[in-house]
Amino acid sequence: AAVSNSGLIYQLDCEVVRGGRTKSEDTLVAKLARINIGLESVQDFAGARYDIPCGLTAQREIARRMVGVLEAAGGNVEVKDYLVDHQHGYRAIHLWVRSNAGRIEVQVRTTLQAKWANLNESLGDKVGRGIRYGEPTIEEYGEAFPIIQRVRFFSDAIRSLEERREALLRD
């Protein structure tokens, strides 16, 4: 679904990429050590990603409607909006769902946000997963540092492009 200028939801005539995931043992152990929490506090142990070819307004509306559906099904949903206050370049809307069945994290991303996240994940696999959790330094990453900086630049460029597109659509 997407949002039209009149605010109504209509069917998207394009592919929405949906995927599920669970954390691997390695990434789970690393997360527990990095942020010093217990297993019972991990919110994103399992989840789903929706990569949608839409703009920011539609992304927010789709996430809002997902919250309604999940709450109607008995879930308690906390919205984490990383569109403005990004996580080291990562942008998306996350829905943290708690229910009797357990916890999951639903990620709602635009296609461009998803492409950037996948690029950053691949880079992290090659130079070190730490780029996802802090500000990299040249001392830490050496020759890879300019590449990491360029990928971070792409995140800002995507944000700017998506915001300009929204402004044009409003005008």
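The values are calculated or read from the model by the stated rules, or taken from the named source; none is laboratory data. In this text the structure is predicted, and so the values were computed from the model without any measurement. Reconstructed Cβ throughout: ideal geometry from the backbone, glycine too, with neighbour counts over all protein chains shown. Side chains are part of the model used for accessible areas, which takes the heavy atoms of the whole protein and leaves out ligands, DNA and RNA. Shrake-Rupley method; radii C 1.70, N 1.55, O 1.52, S 1.80 Å.
Scanning the stretch 81-125 for residues that are touching a residue at least 60 places away in the same chain (Cβ under 8 Å) and among the aromatic types (Phe, Trp, Tyr) yields a single hit, Tyr90. Among the residues of the stretch 109-122, those that are surrounded by 18 or more Cβ atoms within 10 Å (Cβ to Cβ) and in a helix (DSSP H, G or I) comprise Leu112, Gln113, Ala114, Trp116, Ala117, Asn120.
Here's the yes/no breakdown for (1) assigned to a loop (DSSP other than H, G, I, E, B); (2) under 30 Å from Asp171 (Cα atoms); (3) modelled with pLDDT of 95 or more; (4) over 12 Å from the mean Cα position of the chain (by Cα):
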| position | (1), (2), (3), (4) |
| --- | --- |
| Ala30 | no, no, no, yes |
| Ala48 | no, no, no, no |
| Val79 | no, yes, yes, no |
| His94 | no, yes, yes, no |
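State whether one or more residues within the stretch 128-135 are more than 18 Å from Asp51 (Cβ to Cβ), assigned to a helix (DSSP H, G or I), without any contact (Cβ under 8 Å) to a residue 60 or more places away in the chain and open to solvent by less than 20 Å² (accessible area, probe 1.4 Å). Within the stretch 128-135, one or more residues are more than 18 Å from Asp51 (Cβ to Cβ), assigned to a helix (DSSP H, G or I), without any contact (Cβ under 8 Å) to a residue 60 or more places away in the chain and open to solvent by less than 20 Å² (accessible area, probe 1.4 Å).
Among the residues of the stretch 136-155, those identified as open to solvent by less than 80 Å² (accessible area, probe 1.4 Å) and without any contact (Cβ under 8 Å) to a residue 60 or more places away in the chain are Pro136, Thr137, Tyr141, Gly142, Ala144, Phe145, Pro146, Ile148. Scanning the stretch 65-76 for residues that are open to solvent by 20 Å² or more (accessible area, probe 1.4 Å) and farther than 17 Å from Asp51 by Cα yields Gly68, Val69, Leu70, Glu71, Ala72, Ala73, Gly74, Asn76.
Taken over the stretch 97-122, the residue count meeting the criterion of being within 15 Å of Tyr50 (Cβ to Cβ) and not acidic (Asp, Glu) is 14. Checked against the criteria, Ile158 counts as open to solvent by 20 Å² or more (accessible area, probe 1.4 Å), assigned to a helix (DSSP H, G or I) and touching a Leu at 6+ places or on another chain (Cβ under 6 Å).
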